[in-house]
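Trainee: Here you go, one structure.
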Amino acid sequence: MSRNTLFVAGLALLLAIGALVLQFALPSGGDASSSEFAALRNDVAALRQQGAVRVAYANTEAAFAVFTDAVTDMRQRASEKASALVRLQQDFVQSTISREDYEVELMGLKSEFLDAQFAVQIAMIDTMIASEGFSDIRGELTALKEEAQPVIDEMKNLLSTARIGVIDSTEFNGRYTQLEGAYQQLDQLLVSAATVKVVKAAEEVALDRGFDLVLNKKNVLVYSNPATIIDITDLVKAKLATYL
């Protein structure tokens, strides 16, 4: 399996995502000049003096739950495998399982856990492809899924090989590391795609409710006066739900 298996489709998706980000981050004419930025800052300052600026914030991490909740069943399977790994390690520490049996069982459970994580990602891609809210990047998502298929096939192959115990730990670890890297790459791409939609949902809520500024609670907000700074997290989540 090539380390660049997902590179082409991933690059296409990132370019599409980048184009969407520009819609929300920059004026339609391109980069904002220093004079345009200064004018915007002065306008905001003037509005603040008039008490006319309406500010809201959103917990974007909580908003992401809309996407993970869409594949709850798949996530449950991954969670069960993670728990099984913890129990196996406890058994080994307590000497209730031999080292040889532990290593064989460990390879099998690690394979099942990573396979379950891949299943979550594929389910998420399928959900996005089928959703009208992701129609603007549907082609890139479809291509990404096709590019990921050889990785999924290799994952299934490693899983079956580990389970019948015909692979040594050195070979297993090498193949597992490659697959884990592919998983992380795919996960980053999906998070990027979801992030664009969180930004879009926040923008739509702000426009609908007349807010001038929306902050990200996790990375920006330290304190807010609930009487003047409004939490729109639930509104953003509701808007995101309409995308799926």
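The values are calculated or read from the model by the stated rules, or taken from the named source; none is laboratory data. Note that the structure is a prediction, hence the values are computed from the model and not measured. Here the Cβ positions follow ideal geometry from the backbone for every residue, glycine too, while neighbour counts run over all protein chains shown.
Trainee: Where residues in region 165-206 are within 19 Å of LYS218 (Cβ to Cβ), charged (D, E, K, R) and buried (at least 17 other Cβ atoms within 10 Å of the Cβ), which of them is farthest from the chain's Cα centre (by Cα)?
Mentor: Ranking the candidates gives LYS200 first.
Trainee: Something else: Condition (residue is among the hydrophobic types (A, V, I, L, M, F, W, C), farther than 27 Å from PHE67 by Cα and free of Cβ contacts under 8 Å to residues at least 40 places away in the same chain) applied to region 201-222: is it met by at least one residue?
Mentor: Pass one, region 201-222, residues among the hydrophobic types (A, V, I, L, M, F, W, C): 201-202, 205-207, 211, 213-215, 220-222.
From the residues that got through so far, the ones that are farther than 27 Å from PHE67 by Cα too are none.
So far as region 201-222 goes, no, none of its residues is among the hydrophobic types (A, V, I, L, M, F, W, C), farther than 27 Å from PHE67 by Cα and free of Cβ contacts under 8 Å to residues at least 40 places away in the same chain.
Trainee: Please specify each residue of region 116-136 satisfying the condition of being in contact (Cβ under 8 Å) with a residue 60 or more places away in the chain and not acidic (Asp, Glu).
Mentor: Of the residues in region 116-136, the ones in contact (Cβ under 8 Å) with a residue 60 or more places away in the chain are 117-118, 121, 124-125, 127-128, 131-134, 136.
Across region 116-136, the qualifying residues are GLN117, PHE118, GLN121, MET124, ILE125, THR127, MET128, SER131, GLY133, PHE134.
Trainee: Can you tell me which residues in region 91-108 are in a helix (DSSP H, G or I), more than 29 Å from the chain's Cα centre (by Cα), within 21 Å of ASN173 (Cα to Cα) and of a type outside the set (A, V, I, L, M, F, W, C)?
Mentor: ARG99, GLU100, ASP101, TYR102, GLU103, GLU105
Trainee: Tell me, which residue of region 48-67 that is free of Cβ contacts under 8 Å to residues at least 24 places away in the same chain and part of a helix (DSSP H, G or I) is nearest to ASP187 (Cα to Cα)?
Mentor: ARG48
Trainee: Identify the residue in region 55-69 that is among the hydrophobic types (A, V, I, L, M, F, W, C) and surrounded by fewer than 19 Cβ atoms within 10 Å (Cβ to Cβ) and, among all such residues, is farthest from the chain's Cα centre (by Cα). Break it down stepwise before answering.
Mentor: Kept after step one, since they are among the hydrophobic types (A, V, I, L, M, F, W, C), are these residues of region 55-69: 55-56, 58, 62-67.
With the extra rule that they be surrounded by fewer than 19 Cβ atoms within 10 Å (Cβ to Cβ), the set shrinks to 55, 62, 64-65.
Working: VAL55: 27, ALA62: 12, PHE64: 8, ALA65: 10 Å.
Ranking the qualifying residues of region 55-69, first place goes to VAL55.
Trainee: Can you pull out every residue in region 106-127 that is in contact with a Lys or Arg (Cβ under 8 Å, 6 or more places away or on another chain) and either among the hydrophobic types (A, V, I, L, M, F, W, C) or over 16 Å from LEU190 (Cβ atoms) (or both)? Lay out the reasoning, then the answer.
Mentor: Taking region 106-127 and keeping what is in contact with a Lys or Arg (Cβ under 8 Å, 6 or more places away or on another chain), we get 108-109, 111-113, 115-116, 119-120, 122, 125-126.
Selection gives GLY108, LEU109, SER111, GLU112, PHE113, ASP115, ALA116, ALA119, VAL120, ILE122, ILE125.
Trainee: Give me the residue from region 162-190 that is in a helix (DSSP H, G or I), out of contact with any Leu (no Cβ under 8 Å at 6 or more places or on another chain) and touching a residue at least 40 places away in the same chain (Cβ under 8 Å) and, out of that set, nearest to GLU100 (Cα to Cα).
Mentor: To start, the set of residues in region 162-190 that are in a helix (DSSP H, G or I) comprises 162-163, 169-190.
Narrowing further to those that are out of contact with any Leu (no Cβ under 8 Å at 6 or more places or on another chain): 162-163, 169-171, 173-174, 177-178, 181, 184, 187-188, 190.
In the following step, the residues that additionally are touching a residue at least 40 places away in the same chain (Cβ under 8 Å) were identified as 162-163, 169, 178, 181, 187, 190.
Details: ALA162: 13, ARG163: 14, SER169: 11, GLN178: 24, GLY181: 27, ASP187: 33, LEU190: 38 Å.
Applying the filter and picking the extreme gives SER169.
Okay, residues lined up against (1) among the hydrophobic types (A, V, I, L, M, F, W, C); (2) at pLDDT 90 or above; (3) under 20 Å from the mean Cα position of the chain (by Cα):
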site	(1), (2), (3)
GLY210	no, yes, no
LYS218	no, no, yes
THR228	no, no, no
ILE232	yes, yes, no
ALA238	yes, yes, yes
